[in-house]
Amino acid sequence: MPKDITSKPPRAARSEKSERRIESLLAVAKEVFAEKGFERATTLEIAQRLGVSEATVFTYFGSKRELCLEVIRRWYDQISGEVERELPQLNGLRAQLAFVVRKHLVNLMGEGAGICALVLSEGRTADAAFGGVIADLKRRYTAPFMHALAAAREAGELREGVPLRLLRDMVFGAMEHVLWDYVVSGKKPDIEETASQLTELLWSAFVPVDASLHALSQFRAEVGNALRRLDAPPSSASPSSTPRKASS
């Protein structure tokens with residue numbers, strides 16, 4: 001029977017030396033997977049970089065896929081923990097949306113195009129067991145934002161009639177296009193500017209329809225007032241500034 005790649009080795013059975021070896025293996029594996037992707041990376045190269053035999057790798061991980069899964073799992077554990085701690089501290093959906101967009105772009109681009117490509121591509125794997133684990137990791141990562149969306153809808157901050165999952169997918173789907181462009185082109189965009197632009201664009205689709213109409217009406221009124229001020233004739237000169245007629 002093939003080994004279940006979704007299960008972790010029992011930590012209680014590991015010695016301190018084994019824990020250190022596993023941490024070293026994962027650190028080197030992350031570098032190799034980021035540089036070469038899953039398909040081109042080999043456990044032999046990972047072992048050689050670490051200065052151990054390939055058999056040592058398989059002492060701790062049953063396959064290259066299992067090793068890659070643990071690299072991605074730990075990456076998700078770290079960033080999910082950050083989102084779980086920080087997002088609930090923010091007030092208002094607008095601020096929470098801005099946080100999620102910026103945080104995701106920083107997380108995916110912060111370590112270079114390699115790890116970004118690895119996470120994006122392995123999330124689409126055809127391996128059912130592996131893909132299922134990645135899906136679970138994504139659900140945990142996006143859960144705080146889903147809670148924020150639900151609370152905002154309850155408070156009337158979010159437009160009705162659009163499923164929360166669709167709104168979530170719209171946010172992360174838009175960012176995925178930006179991230180793939182980064183991976184393919186190798187050109188890293190300005191994260192702060194891109195995050196701000198995406199947030200503004202997405203927010204316009206999030207606010208209730210009546211709020212959008214009110215904002216538009218207010219904007220049109222402000223523009224109209226500004227145009228009227230520009231078109232108004234200049235005020236007449238004050239008596240003190242009127243030139244005096246020369247006496248005869």
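Worth pointing out:
- Accessible area of His147 in the full protein assembly, 1.4 Å probe (Å², nearest 10): 130
- Computed log₁₀ I(q)/I(0) - Debye formula, equal Cα scatterers, no solvent, segment 33-85, q 0.14, 0.21, 0.32 Å⁻¹: -0.43, -0.79, -1.23
- Dipole axis of segment 26-158 (+1 Lys, Arg; -1 Asp, Glu on Cβ), positive-most option in Leu67, Val57, Ala129: Ala129
- Its residues counted as N, segment 22-167 yields a C-alpha radius of gyration over 2.2 N^0.38 Å of 1.24.
- Pairs beyond 25 Å (Cα-Cα), from Lys64/Lys187; Lys103/Lys188; Lys17/Lys138; Lys17/Lys103: Lys64/Lys187; Lys17/Lys138; Lys17/Lys103
- Over all other residues within a Cβ to Cβ distance under 13 Å of Lys188, the charged ones net out to -4, with Lys and Arg as +1 and Asp and Glu as -1.
- Alpha carbon convex hull of segment 100-187, projected area averaged over orientations, nm²: 6.5
The values are calculated or read from the model by the stated rules, or taken from the named source; none is laboratory data. Note that the structure is predicted; figures quoted are calculated from it, not measured. Here Cβ is always computed from backbone atoms with ideal geometry, including for glycine, and neighbour counts include all displayed protein chains. To get the accessible areas, we keep the full protein, side chains included, count just its heavy atoms, and leave off ligands, DNA and RNA. Shrake-Rupley method; radii C 1.70, N 1.55, O 1.52, S 1.80 Å.
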